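Chemist: Pasting in a structure now, in structure tokens, and then I'll have a few things to ask.
The values are calculated or read from the model by the stated rules, or taken from the named source; none is laboratory data. Quick caveat, the model's predicted, so the values are computed rather than measured. Note that each Cβ is placed from the backbone with ideal geometry, even for glycine, and that neighbours are counted across all protein chains shown. In case anyone asks, the SASA skips ligands and DNA or RNA and just uses the protein heavy atoms, side chains included. Shrake-Rupley method; radii C 1.70, N 1.55, O 1.52, S 1.80 Å.
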Amino acid sequence: MKFANDLFLRAFTDERLPHPPVWLLRQAGRYLPEYRATRAKAGGFMDLCRSPSFCAEVLLQPLARYQLDAAIVFSDILTIPDAMGLGLSFGVGEGPRLARPLQSESAIDALRVPDVSTLQYVFDAVAECRRALTRDGVQSVPLIGFSGSPFTLACYMVEGAGSQNDFATTRRMMLQRPDLLERVLAANEQIVTDYLEQQARAGANVLMLFDSWGGVLAPLQYERFSLSSLRRIIAALKLRVPDVPIIVFSKGAGHSVAAIAAAGADAVHIDWQSDLSRARADAGESVTLQGNFDPLLLTTDAATIQRAVSETLASFDGKRRYIANLGHGITPDAQPELVAALVNAIRS
Ligand code: CP3
């Protein structure tokens with residue numbers, strides 16, 4: 001594959017780069033008026049995700065506005081619980097809901113690993129996104145495919161929604177009936193592995209695992225209920241699609257950066273509450289770090305953003321094995337012109 005801009009892929013090697021590549025978690029989304037327009041055309045959020053052409057349309061929206069060095073397939077981590085028949089819906093102005101959460105042993109007995117072909121619409125979206133990035137055989141920037149981690153998916157599957165109390169229902173199950181939670185995790189591990197493999201085969205150049213709620217676990221619980229499954233998924237993918245770099249984001253697990261690197265991740269995404277220099281010391285020199293600007297910066301002003309970027313890149317070597325990004329997803333109240341300010345400050 002030929003790329004017009006392969007800076008992002010070169011950050012997975014030891015090469016010194018002219019400036020850090022940059023892309024942003026949730027770079028396509030509600031902060032952009034053109035995204036809201038496409039979503040309205042599509043009907044609902046899952047209708048958007050089920051339409052490869054709408055996915056490609058919103059994929060390109062942030063790339064048209066900003067000088068970004070990577071694109072991320074437009075989809076969601078909850079496609080897997082949806083494929084498991086748990087009854088996913090997104091209410092207007094609310095987070096996701098599952099109509100049939102896994103809150104009893106009998107519900108977990110009935111859980112089946114779906115055939116990966118039920119997620120074909122996602123692989124079609126990957127292929128369409130890749131086509132949309134490519135002209136005359138040259139791809140503009142690399143394309144990232146992604147999945148939720150087994151643990152983070154289990155949080156939604158057990159809880160049935162997001163959480164104000166650190167997924168207490170899920171953690172209570174973990175404490176009282178770890179065997180039940182482990183059955184959910186085993187089912188998720190199987191489908192997540194196949195799902196990521198198929199995204200790579202459909203055209204994703206890099207894969208990312210979102211363990212957004214790994215940080216609700218204490219370090220020993222994190223190893224047992226989240227990182228152990230990530231380690232096996234990475235090992236399986238290294239056999240099946242060996243040339244595809246893998247990024248792991250366990251938000252709130254700054255205590256385990258060294259362990260995530262040792263689990264085989266090519267890159268570790270660092271959240272905004274952690275420190276990049278400390279993460280570099282923990283991860284060593286042969287792992288790429290990605291992150292970790294505070295998404296709140298995108299609701300401040302250009303001078304504040306410039307100062308934050310200067311301070312970060314003065315204290316940390318950003319030219320080798322580093323990908324600039326946010327420390328969590330863009331929020332709907334981010335100001336589009338401040339996204340430009342952040343991207344431009346990083347590039348210069
Ligand atoms: O450019 C991109 O990165 C978009 C692709 C993307 C979406 N979701 C689109 C989306 C990605 C990578 C995700 C991942 C995702 N989804 C995560 C992990 C990343 C993280 O932020 O921790 C999680 C936890 C989810 C689950 C999810 N999906 C929630 C909690 C919500 C509702 C809250 C919110 O932020 O909107 C969603 C919906 C969702 N996923 C939207 C988008 C653009 C908004 C839906 C809408 O248009 O109303």
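Chemist: Give me the pairs: first residue in segment 312-327 and at positive phi, second residue open to solvent by 20 Å² or more (accessible area, probe 1.4 Å) and not in a loop (DSSP other than H, G, I, E, B), beta-carbon distance under 9 Å, and six or more apart or on different chains, which are they?
Modeler: Filtered contacts from segment 312-327: R321/R280.
Chemist: Being within 16 Å of the ligand (Cβ to nearest atom) and not hydroxyl-bearing (S, T, Y): is that true of L220 here?
Modeler: no
Chemist: Does A303 meet the test of being in a loop (DSSP other than H, G, I, E, B), more than 16 Å from S274 (Cβ to Cβ) and not basic (K, R)?
Modeler: no
Chemist: Against the condition open to solvent by less than 50 Å² (accessible area, probe 1.4 Å), of a type in the set (V, I, T) and closer than 22 Å to P20 by Cα, how does V192 come out, does it pass?
Modeler: no
Chemist: Okay, next question. Being among the basic types (K, R), within 16 Å of the ligand (Cβ to nearest atom) and touching a residue at least 12 places away in the same chain (Cβ under 8 Å): is that true of K238 here?
Modeler: No, not satisfied.
Chemist: Among the residues of segment 50-60, which ones are within 12 Å of the ligand (Cβ to nearest atom) and either open to solvent by 20 Å² or more (accessible area, probe 1.4 Å) or under 30 Å from E285 (Cα atoms) (or both)?
Modeler: Selection gives F54, L60.
Chemist: Report every pair of residues separated by at least 6 positions or lying on different chains whose Cβ atoms are under 6 Å apart, first residue within segment 72-89 and within 15 Å of E159 (Cα to Cα), second in a strand (DSSP E or B) and basic (K, R).
Modeler: Cβ pairs passing all conditions: S89/R97.
Chemist: Would you check if V244 is within 22 Å of N188 (Cα to Cα), in contact with a Leu (Cβ under 6 Å, 6 or more places away or on another chain) and open to solvent by 10 Å² or more (accessible area, probe 1.4 Å)?
Modeler: Judged against the criteria, V244 is a match.
Chemist: Here's something else I'd like to know. From the list L296, L289, pick out the single residue that is open to solvent by 30 Å² or more (accessible area, probe 1.4 Å) and either within 16 Å of the ligand (Cβ to nearest atom) or part of a strand (DSSP E or B) (or both).
Modeler: Every option except L296 fails the conditions.
Chemist: Next question, about the same structure. I need the helices (runs of 4 or more DSSP H) fully contained in segment 1-49, keeping only those with at least 1 residues that are of a type in the set (A, V, I, L, M) and within 16 Å of the ligand (Cβ to nearest atom).
Modeler: 33-42, 45-49
Chemist: Can you tell me which residues in segment 128-185 are open to solvent by 10 Å² or more (accessible area, probe 1.4 Å), away from the ligand (no atom under 12 Å from the Cβ), small (G, A, S) and closer than 30 Å to V58 by Cα?
Modeler: Passing the criteria: A132, G137, S140.
Chemist: Checking L102 against (1) crowded, with 21+ Cβ neighbours inside 10 Å; (2) assigned to a loop (DSSP other than H, G, I, E, B); (3) of a type outside the set (S, T, N, Q); (4) within 14 Å of the ligand (Cβ to nearest atom), only one condition comes out false. Which one?
Modeler: Looking at each condition in turn, L102 falls short on (4).
Chemist: Of everything in segment 61-86, what is near the ligand (Cβ under 8 Å from one of its atoms) and in a loop (DSSP other than H, G, I, E, B)? Give them in sequence order.
Modeler: V73, F74, S75, D76, I77, L78
Chemist: Right, another one. If you check every pair at least six apart or on different chains, which have Cβ atoms under 8 Å apart with a residue in segment 1-24 that is under 20 Å from N292 (Cα atoms) first and a residue that is of a type in the set (D, E) and open to solvent by 10 Å² or more (accessible area, probe 1.4 Å) second?
Modeler: F12/D266
Chemist: Identify all residues within segment 306-348 that are open to solvent by 10 Å² or more (accessible area, probe 1.4 Å), in a loop (DSSP other than H, G, I, E, B) and within 16 Å of the ligand (Cβ to nearest atom); write none if there are none.
Modeler: Hits for segment 306-348 are H328, G329, I330, T331, P332, D333.
Chemist: Would you check which residues across segment 247-258 are part of a helix (DSSP H, G or I) and open to solvent by less than 40 Å² (accessible area, probe 1.4 Å) and list them?
Modeler: G254, S256, V257
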